[in-house]
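Since every read-out is calculated from the coordinates, none of them should be taken as a lab result. Source: prediction; values computed, not measured.
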Amino acid sequence: MELTRRRKECLEKVVTLYRKSGLPVHYAGIAELLGVTKWSAYEMLRKLEKEGFLATEYAVNPEARFPGRSMVFFRPTAQALGLVESNEGKNGCPGATWEQVRSRLLRLCTMGNTKAIAEELLNNFGNNSGLEYPFFVSAYILSLLVIYLRSLSHKSIAFLKELLHQTEAADEGFSVFAGVVIGSVLRTAAQFPLATQLAQYVRQLQAAMSRLGAEDVERLRQFLLDALSRVLDSRSASMKSSPTA
């Protein structure tokens, strides 16, 4: 269903607030951003909910006059996030849809020279104006870490992938992953400056992910698993094509 301009603007505001806080949005905040009454904002949000773009949650607001009364909040669904990302790509911000960025990053994760690919990623990371979005910041940094992880053995990468897959809390999995990458870089003293730089990127990753909601964090976890699978598949293909001794 084609959204009206007003409802599309409303949905974009919900997604923007959700990205910043990682929390469901109250209709009063949307009303203020759109310059409409609370009732008008509530009606638009309810219509978007019926169309599958929003999900509702109920919670008690401790700052309310009667804190025992629950309030309705709205959270964007995967359908809403996909639509907004697509529109951002068409409008030049963040420059591409998530699927386009994802495909490029997965391809870079398996390409040749580690240093050259890392420099290309960092160059894109520094010059892409759309990367004020914490989701894209996280994806780029995770890709950079995957590239440096390729120095490990096939067995070690496979073990780490399985560990990430089994870890229920995504943030714990990301912490383990980042620690393994930095540890692998620190195997020689000469790599200490690189490890220090990567540690800075890990802190930036943690800050970006703290602004994401549960759905975006899960998408990043799946992206990381896909990236590690690509590395393993590429390694297996190289081993098969190598001449036997």
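In the structure shown, the pairs LYS20/LYS161; LYS20/LYS50; LYS47/LYS161 are assessed against 31 Å; a Cα-Cα span above that value is assigned to LYS47/LYS161. Scanning residues 5 or more positions from MET71 or on other chains, those with amide H under 5 Å from its amide H are ALA59, VAL60, ASN61, with H placed 1.01 Å from N in the peptide plane.
In terms of its C-alpha gyration tensor, the stretch 2-59 has a rounded overall shape, because the principal axis ratio a/c (a ≥ b ≥ c, square roots of the eigenvalues) stays below 1.5.
Note that the stretch 161-170 has calculated 3J(HN,Hα) couplings of 4, 5, 5, 4, 5, 7, 6, 6, 7, 4 Hz, one per residue in order, obtained from phi through the Karplus relation 6.51 cos²θ - 1.76 cosθ + 1.60 (θ = phi - 60°); glycine and proline are x.
Shape call for the stretch 171-222 from the C-alpha gyration tensor, a ≥ b ≥ c root eigenvalues: rounded (a/c under 1.5), prolate (a/b greater than b/c) or oblate? List each step's numbers first, then the result.
Numbers: a/c = 4.06, a/b = 2.20, b/c = 1.85.
Note, shape of the stretch 171-222 comes out prolate.
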